[in-house]
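Taking it in order: structure first as structure tokens, then the write-up.
Please treat every number below as a calculation from the coordinates, not as lab data. The shown structure was predicted, so the numbers you read here are calculated from the model rather than taken from an experiment. With ideal geometry, Cβ positions are generated from the backbone for all residues, glycine too; neighbour counts draw on all protein chains shown.
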Amino acid sequence: MVFLHSLPELSDAETRSISAENPTGEKGGGAMEAPDDKSPASRLGKGWKVRPCITLPKGETVKLADIRGSGFIRHIWLTVDPKAYRNCVLRFYWDGEEKPSVEVPLGDFFANCHGLRYNVNSIPIAVNPSGGFNCYFPMPFRRSAVITVENQWMEDIGGFYYQITYSLEEVGGKMAYFHAQWRRSMTTRDNPQHTILDGVRGSGHYVGTVLAWTQMSNGWWGEGEIKFFIDGDTEYPTICGTGTEDYFGGAWCFGGETFSTAFLGYPLYRREPGEVPRHALYRWHILDPVRFRSDLKVTIQALGWYPDRKFQPLTDDIASVAYWYQTEPHAPFPRLPPVEERWSR
């Protein structure tokens, strides 16, 4: 792999890291909080584990990172109670932009959908026991990077742990900006299609899809095709898949099994008593990015089978995260649904 080949190469980059113990990421700025009498570190004093996490106040937006200069976000780790997964929203802003380039419910960004916790074993996103969220997508910025989290839950959410590691260095002219967008829709028999991404303007490449699929009927649900409409495509796409399980790297209805691999996975199939079936899937276009020069649209169909072996258009509840890099400025995102429209139970 290229990233292993380059490990011995020296660089002038400076590594910094933001956490509750060093909120600004400044050099020599960590572990400076002084413990009070109630702190577990009260007998140890300053310089120990005094402020490892923060509380997200209800109805407020907390700025996790405010970085000035040029560089790359290299790694994001965080963990929090699952009630934050759909009730909190992550937003990333590059180079002083007013509208975010990333706007996604917290859990879905890390491929934990439906407000549920489960493990994901992939290269750019890893979720490890129990609920350790990791993101390794490199995110360049030339003047500034701001990362926020908004708590839209009805109560404060405590125990929010986070670490954002970045490098301060020159960013080359051909480096594009990281984007991620969440959408949700209910397909219908008349229009059994979910739009994953639309309205993208500029040049770039598409690098990933996460789907949260809720079945509203029995039987197989993944016969629909994914379609990429690239650079002026209208009625017919340039890239057309052969089935939902095929796009996510499986075959033949996944054989009833879940899996999680480096670039694609089906880590969740849940059908508890009294619940409708729920699925979660991811596909990373790391070695096969979808390039576009002017515009991009991505859709997926919801199809099953009728008893006579004809395709059945399905009415299913589908939410998605699209991940891509592009030049700025980006087109406005659609309105993020309010919190009650993001709940899945």
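Any idea what Rg and Dmax come out to for the chain if you just take the C-alpha atoms, in Å?
Reported Rg and Dmax, both Å: 21.1, 73.
So which trypsin sites (Lys or Arg not before Pro) in the stretch 217-302 are both in a DSSP loop and have at most 15 other Cβ atoms within 10 Å of their Cβ?
On the way: sites: K227, R270, R271, R278, R283, R291, R293, K297; in loops: R271, R293.
Taking the stretch 217-302 and a limit of 15 other Cβ atoms within 10 Å, the loop trypsin sites (Lys or Arg not before Pro) found are R271, R293.
I'd like to know which of A322, P192, T234 lies farthest towards the positive end of the charge dipole of the stretch 177-341, counting +1 on Cβ of Lys and Arg and -1 on Cβ of Asp and Glu.
A322
Any chance you could run the full-extension gain for E97 through S344? It's 0.36 nm times the residue separation minus the Cα-Cα distance, nm to one decimal. Don't skip to the answer; put the middle values down first.
Numbers: separation 247, 0.36 × 247 = 88.92 nm, distance 3.13 nm.
Computed gain between E97 and S344 is 85.8 nm.
Distance between the C-alpha centers of the stretch 122-181 and the stretch 199-217? Whole Å please.
19
Please give the length that would be gained between H75 and T234 if that part of the chain were fully extended, namely 0.36 nm times their separation in residues minus their C-alpha to C-alpha distance (nm, one decimal). Working shown, then result.
Values: separation 159, 0.36 × 159 = 57.24 nm, distance 3.76 nm.
Residue separation times 0.36 nm, minus the Cα-Cα distance, leaves 53.5 nm.
Need the full-extension length gain, I123 to K174, defined as separation in residues times 0.36 nm minus the C-alpha distance. One decimal, nm. Numbers along the way, then the final one.
Details: separation 51, 0.36 × 51 = 18.36 nm, distance 2.34 nm.
Value of the extension gain: 16.0 nm.
Calculated FRET efficiency, S17 and V276, Cβ-Cβ r, R0 30 Å, to nearest 0.05? If you can, show how the numbers build up before the last one.
Values: r = 41 Å, r/R0 = 1.38.
FRET efficiency, S17 to V276: 0.15.
So for the pair I286, N191, with labels modelled 7 Å out along Cα→Cβ, what separation do we get in nm?
3.6
Mind checking which lysines have their Cα closer than 28 Å to the Cα of K99? Skip sequence neighbours fewer than 8 apart in that chain.
Leaving aside lysines fewer than 8 places away in the same chain, those within reach of K99 are K58, K63, K83, K174, K227, K297.
In the stretch 1-98, what chymotrypsin sites (Phe, Trp or Tyr not before Pro) fall in a loop by DSSP, with at most 15 other Cβ atoms inside 10 Å?
On the way: sites: F3, W48, F72, W77, Y85, F92, Y93, W94; in loops: W48.
Those that pass, being in a loop and sparsely packed, are W48.
Give a quick list of GluC sites (Glu not before Pro) in the stretch 186-286 that DSSP marks as loop, anything other than H, G, I, E or B, with at most 16 other Cβ atoms within 10 Å. Kindly include the intermediate steps, with their values, before the conclusion.
Details: sites: E223, E225, E235, E245, E257, E275; in loops: E223, E225, E235, E257, E275.
Taking the stretch 186-286 and a limit of 16 other Cβ atoms within 10 Å, the loop GluC sites (Glu not before Pro) found are E235, E257, E275.
Enumerate the lysines that K38 could reach by cross-link, defined here as Cα to Cα under 19 Å, with residues fewer than 8 away along the same chain left out.
Leaving aside lysines fewer than 8 places away in the same chain, those within reach of K38 are K46, K49.
Cα centroid distance between the stretch 271-317 and the stretch 64-114, in Å?
24
At R0 = 41 Å, how high is the FRET efficiency between D66 and W305 if r is their beta carbon distance? Nearest 0.05 is fine. Mind dumping the intermediate values first?
Numbers: r = 52 Å, r/R0 = 1.27.
Between D66 and W305 the formula returns 0.20.
With the crude spin-label approximation of a point 7 Å out along Cα→Cβ, what separation in nm comes out for D37 versus E155?
Simple spin-label model gives 2.8 nm for this pair.
What value, in deg cm²/dmol to 500, does the helix sum -39500 (n - 2.57) over DSSP H runs of n ≥ 4 give at 222 nm once divided by the residues of the chain?
Working: 4 runs with 16 residues, N = 345.
Here the helix-only value at 222 nm equals -500 deg cm²/dmol.
What dipole magnitude, in Debye to the nearest 20, does the stretch 12-126 give about its Cα centre under +1 on Lys/Arg Cβ and -1 on Asp/Glu Cβ? Before the final figure, lay out the partial values.
On the way: 16 positive and 15 negative charges, 86 e Å.
Approximately 420 debye in magnitude.
Where does each of 49-59, 115-125 land if you order them by average Cβ count within 10 Å, highest first? Don't skip to the end; give the middle numbers.
Working: 49-59: 15.7, 115-125: 18.1.
Peptide ranking by packing, descending: 115-125, 49-59.
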